[in-house]
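Trainee: I have a structure I would like to understand better, so I am pasting it below and will then ask my questions one at a time.
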Amino acid sequence: MKLNQNTIAGLAELLESAELQAHDVVKITDAHPEMDWDDAYAIQAEILRRKLARGNRLVGLKCGLTSHAKMKQMGVETPCFGFLVDYFTVPDGGEVKIKELIHPKVEPEIVFVLKKALKGPGCHIGTVLDATDFVMPGIEVIDSRYRDFKFDLKSVIADNCSSSRYALGGMAVPLAGLDLRTLGVVMEKNGQPVAIGAGAAVLGHPAAAIAMLANHLGARDEEIPAGTMILSGGVTEAVSVAAGDHVSLRIQSLGGVSLKFI
Ligand code: OOG
Ligand code: MG
């Protein structure tokens, strides 16, 4: 760690206020080039602590930057991990208020729900498949707090990996007989296909993203508890949305989910 506790608390407050008041900030590594990975995750943890202290509930975890399309779009080469809290949740078919966000984008995700805890190190695709209760389709709405959606990996980790809203489709599909790598993914905006891909775009297999998260937490002596819902990361590039847009996602064998932006 390179930053002291006061600086970490100050940066968490800066980023969380930007989220809650929907305004952008310059990326924090500009003023703190010395910050390291532990500092970045410590700032994120402090944002979660602030939310929990205010009565918000943790509802899930997310992996980000797990597909080459996303890494290329954002100019980074390593996945990142973040959290989801209750007020991020939008029902399937529900409305997202653009006014509450800065410059939102949507991305198609394969979402896991676990029936067993996962604890790294040593987790792999097999461990994850064995621990998975079911998968669902999900639309994640990301909204970087950084100006022009531009950042480096440490800055985006501190900003909880741009998390802001998400919706889950209603079908809970068990994994038996399902090859997540070859599931087709089609996301439409206002009836036009804007993002098309397949599960394998996420690290070769979306379960590999969950294994990475388990191993990341394991290195900190933490585990993913049974029952946890986890977004495995955008399959395609993220797509900008504006008021009036309707976004719908279909994933082969998993059904669909949609959102309206108002
Ligand atoms: C970082 C968050 C990425 C994903 O699924 O790749 C993410 C960003 O692109 O702003 O959620
Ligand atoms: Mg995502």
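Trainee: So for the pair residue 148, residue 223, with labels modelled 7 Å out along Cα→Cβ, what separation do we get in nm?
Mentor: 4.6 nm
Trainee: Rounded to the nearest 0.05, what FRET efficiency do residue 192 and residue 9 give with R0 = 51 Å and r taken as the Cβ-Cβ distance? Could you check?
Mentor: Efficiency, rounded to the nearest 0.05: 0.70.
Trainee: Hey, what did the chain get for relative contact order, percent, Cα under 8 Å, at least 6 apart?
Mentor: About 28 percent, as a whole number.
Trainee: Place a +1 charge on the Cβ of each Lys and Arg in the range 57-261 and a -1 charge on the Cβ of each Asp and Glu, then give the dipole magnitude about the Cα centre in debye, rounded to the nearest 20.
Mentor: It comes to approximately 180 debye.
Trainee: Follow-up question, since we're still on this one. Which links in 189/260; 27/97; 72/97 stretch past 18 Å when you go from one Cα to the other?
Mentor: The answer is 27/97; 72/97.
Trainee: Can you give the accessible area of residue 116 in Å² (nearest 10), computed on protein heavy atoms with a 1.4 Å probe?
Mentor: It works out to around 90 Å².
Trainee: Right, something else. What accessible area per residue, rounded to a whole number of Å², is obtained for the chain using a probe radius of 1.4 Å?
Mentor: Here the residues of the chain average 41 Å² of exposed surface.
Trainee: Run the 1.4 Å probe and let me know the accessible area of residue 220, rounded to the nearest 10 Å².
Mentor: 90 Å²
Trainee: Counting only protein heavy atoms, what percent of the accessible surface of the chain is carbon or sulfur at a 1.4 Å probe?
Mentor: Carbon and sulfur: 54 percent of the exposed surface of the chain.
Trainee: Ignoring everything but the protein chains, give the 1.4 Å probe accessible area of residue 183 in square angstrom, nearest 10.
Mentor: Approximately 10 Å² for this residue.
The values are calculated or read from the model by the stated rules, or taken from the named source; none is laboratory data. Note that the structure is a prediction, hence the values are computed from the model and not measured. No Cβ is skipped: glycine too gets one built from the backbone with ideal geometry, and neighbour counts run over all protein chains shown. Heads up: the accessible areas ignore ligands, DNA and RNA and are worked out on the full protein's heavy atoms, side chains in. Shrake-Rupley method; radii C 1.70, N 1.55, O 1.52, S 1.80 Å.
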